[in-house]
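Undergrad: Below is one structure. I have some questions about it.
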Amino acid sequence: MKLNTSTRKKFRVSNKVKKVASKDRLRLCIFRSSKNISAQIIDDNKNITLLSSSSIEKEIKSAGKVNKTKLSEIVAEKLAKKAQEKKITKIFFDRGVYRYHGRVKIFAETLRKHGMEF
């Protein structure tokens, strides 16, 4: 089966993260579309999603009209709060096919400000 470029990039980045992953760290996978952003914390050993946060949740959408960079900060803050409640601090950042630039970078820096280590 022949894979397209974006799928190959996604597998390449995710597999690198999974190779160095240990049992004490979880993987944070990010998805970015043209309007929204979402992220989830995944336990690869059990193959389950522990936490997720998205810009299409009711609480975030009701905040009013904000630009996309501010939306990334809001989603990251919400995810960091959920992770602190479950006592998750150490993660691996799986950026997927997206470059560490722009909204993805802002998302990661906001998570670091709120106590996440990666």
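Undergrad: Among the candidates S14, S62, which residue alone is surrounded by 12 or more Cβ atoms within 10 Å (Cβ to Cβ) and polar (S, T, N, Q)? So that I can check it myself, show each step before the final result.
TA: On the way: S62 fails: surrounded by 12 or more Cβ atoms within 10 Å (Cβ to Cβ).
Checking each option against the conditions leaves just S14.
Undergrad: Taking T7 as meeting all but one of (1) modelled with pLDDT under 90; (2) hydroxyl-bearing (S, T, Y); (3) closer than 17 Å to V104 by Cα, write down the number of the exception.
TA: The one condition T7 does not meet is (3).
Undergrad: Can you confirm whether S33 is within 14 Å of the chain's Cα centre (by Cα) and surrounded by fewer than 18 Cβ atoms within 10 Å (Cβ to Cβ)?
TA: On the way: within 14 Å of the chain's Cα centre (by Cα): yes; surrounded by fewer than 18 Cβ atoms within 10 Å (Cβ to Cβ): yes.
For S33, the condition - within 14 Å of the chain's Cα centre (by Cα) and surrounded by fewer than 18 Cβ atoms within 10 Å (Cβ to Cβ) - is met.
Undergrad: Examine segment 73-83 for a residue that is of a type outside the set (D, E, K, R), without any contact (Cβ under 8 Å) to a residue 60 or more places away in the chain and surrounded by fewer than 17 Cβ atoms within 10 Å (Cβ to Cβ), and state whether such a residue exists.
TA: No, segment 73-83 contains no residue that is of a type outside the set (D, E, K, R), without any contact (Cβ under 8 Å) to a residue 60 or more places away in the chain and surrounded by fewer than 17 Cβ atoms within 10 Å (Cβ to Cβ).
Undergrad: Continuing with this model, one more query. Do you know which of the residues in segment 1-56 that are touching a helix residue (DSSP H, G or I) at 6+ places or on another chain (Cβ under 8 Å) and either without any contact (Cβ under 8 Å) to a residue 12 or more places away in the chain or acidic (D, E) (or both) is farthest from K70 (Cα to Cα)?
TA: Among residues in segment 1-56 that are touching a helix residue (DSSP H, G or I) at 6+ places or on another chain (Cβ under 8 Å) and either without any contact (Cβ under 8 Å) to a residue 12 or more places away in the chain or acidic (D, E) (or both), the one farthest from K70 (Cα to Cα) is L3.
The values are calculated or read from the model by the stated rules, or taken from the named source; none is laboratory data. Values in this document were obtained by computation on a predicted structure and should not be read as measured data. Reconstructed Cβ throughout: ideal geometry from the backbone, glycine too, with neighbour counts over all protein chains shown.
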